[in-house]
1. How about segment 202-227: which of its residues are small (Gly, Ala, Ser), open to solvent by 20 Å² or more (accessible area, probe 1.4 Å) and farther than 20 Å from Ala259 by Cα?
2. Restricting to segment 400-412, and then to whatever is assigned to a loop (DSSP other than H, G, I, E, B) and open to solvent by 90 Å² or more (accessible area, probe 1.4 Å), can you tell me which residue is modelled with the lowest pLDDT?
3. Just checking, which of Thr248, Thr183 is touching a residue at least 40 places away in the same chain (Cβ under 8 Å), over 20 Å from Leu380 (Cα atoms) and either open to solvent by 10 Å² or more (accessible area, probe 1.4 Å) or not in a helix (DSSP H, G or I) (or both)?
4. Return the pair list, or none, for Cβ contacts closer than 7 Å from residues in segment 199-220 that are free of Cβ contacts under 8 Å to residues at least 60 places away in the same chain to residues that are crowded, with 22+ Cβ neighbours inside 10 Å, at least 6 apart or on different chains.
5. Among what's in segment 251-282 and is under 16 Å from Arg198 (Cα atoms) and in a loop (DSSP other than H, G, I, E, B), pick the residue that is least open to solvent (accessible area, probe 1.4 Å).
6. What are the residues in segment 285-298 that are surrounded by 14 or more Cβ atoms within 10 Å (Cβ to Cβ), touching a Lys or Arg at 6+ places or on another chain (Cβ under 7 Å) and free of Cβ contacts under 8 Å to residues at least 60 places away in the same chain, if any?
7. Among the numbered criteria (1) within 26 Å of the chain's Cα centre (by Cα); (2) crowded, with 16+ Cβ neighbours inside 10 Å, which one does Phe69 miss?
8. From the list Arg306, Arg230, exactly one residue is open to solvent by 40 Å² or more (accessible area, probe 1.4 Å), more than 30 Å from Ala120 (Cα to Cα), free of Cβ contacts under 8 Å to residues at least 60 places away in the same chain and more than 20 Å from the chain's Cα centre (by Cα). Which is it?
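The values are calculated or read from the model by the stated rules, or taken from the named source; none is laboratory data. It should be emphasised that the depicted structure is a prediction, and the values quoted were computed from it without experimental measurement. FYI the Cβ positions are ideal-geometry reconstructions off the backbone, even for glycines, and counts take in every protein chain you see. Calculation scope for accessible area: heavy atoms of the full protein, side chains included, ligands and nucleic acids excluded. Shrake-Rupley method; radii C 1.70, N 1.55, O 1.52, S 1.80 Å.
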Amino acid sequence: MIHIHSVAVLGAGTMGAQIAAHLANAGLPVLLLDLDRDTAAEGLRRATKLRPDPFFAHDVARLISLGGFDTDLPQLQESDWIIEAVSERLDIKRTLMSKVEPHRSPQSIVSSNTSGIPIAGIATGRSEEFRKHWLGTHFFNPPRYLPLLEVVPTADTDPEVVETVRHFGDHSLGKGVVVAKDTPGFIGNRIGVYGIMRVLELIADGQFTVEEVDAMSGPIIGRPKSATFRTVDIVGIDILAHVASTLTERLKTEKERSAFATSELVEALIERGWVGEKAGQGFYKKERGPDGTRILTLDPATMTYREHQSPRLPSLDMSQTIDDLPERLRTLFLGKDRVAEFLRATLGQTLIYAAKVARDIAYSIDDIDRAMRWGYGWSLGPFELWDAIGVDNVLEGCAVSEPPELIRELKVLNKSAEGALSSRR
């Protein structure tokens, strides 16, 4: 196995600087490069002011040295692992890799933190030795706090390189490592963004309010307290739209591409600059007044902000008494009210999609479950949810006459619908 004692990070933007911080947290000397040294220094300065703090302690930052692509690429020969984290543009990444190759040491690992650009495509034109040591390493934001690290090898990647990064990510960086296939969105974003898009369809149609959606898509179904729209505001509505647009560009069929098309509501928010927490407003708006800070909620129909409206969803209140998450999910999903309609149109459709694309994006359904737990904060992954709700319940609730091939095979293998997926593990 290749030993990693020092790392270089290329790009001092939000993700690059935070990745550098987390590597320093692990006690590694890190070289952080950007266009020039001043740009790298500014990126690191911004990282020190982020909340939650990307550093374990303030003195950890001393392990990070700074430089610029213009003068310091020769220093890359001292790094065992080089992580690219520049702009999400294929041409920029390819050009940078052509400049990196002459300066890296033989056997050093090079990876990209891209969230969706094909890993193999970035290394086009590089030598065979480079491509053997090349792979994707997709950290989730914020890297210190979200466990998921998607490791994405190509057909050329040496298995020893994959094992080195997997072991190092697990044992030295404390990450939950999942090996994903080099497909659009990899695992986490392919499924997570699909689910968010199903929710956005309902909110754009005026079927549910922002507060209702977050009440139905948070802790009550085993998701983080930030639920859907608070999460989107934190991530950035513009970032969500960018990831979705990358998927629409790279997926093969028109049907699948259309599933990731951004709604008019999202486009309207971006046009106004209401892209979430960093802009002070998105689906929620923080307003400061003489009596303190209050949180207002977007009314998509009027594109104005209003006072918070407590949702009136009796089945949610009743389900609070059900401590067992699978039982609670099953009860809500099988109901005959608006909550059940919402869950079948969003969660149910996401489970069906996960089953359809599972073999394209991952090497096992366990990896898909782990990716969604570690990257999106789900208490249960998609296939654990199939089991929790019941395979036949999902199919019938979503009016699926032709189950995904994977589900059909597992049902035949186990000779029953219930527990079909978990018994495969």
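1. Ala215, Ser226
2. Checked segment 400-412; the qualifying residue modelled with the lowest pLDDT is Ser401.
3. Just a single option satisfies the conditions, and that option is Thr183.
4. Partner pairs satisfying both residue conditions: Asp214/Thr228; Asp214/Phe229.
5. This residue is Phe260.
6. Leu296, the sole residue that qualifies.
7. Of (1) within 26 Å of the chain's Cα centre (by Cα); (2) crowded, with 16+ Cβ neighbours inside 10 Å, only one is false for Phe69: (1).
8. Residue meeting the stated conditions: Arg306.
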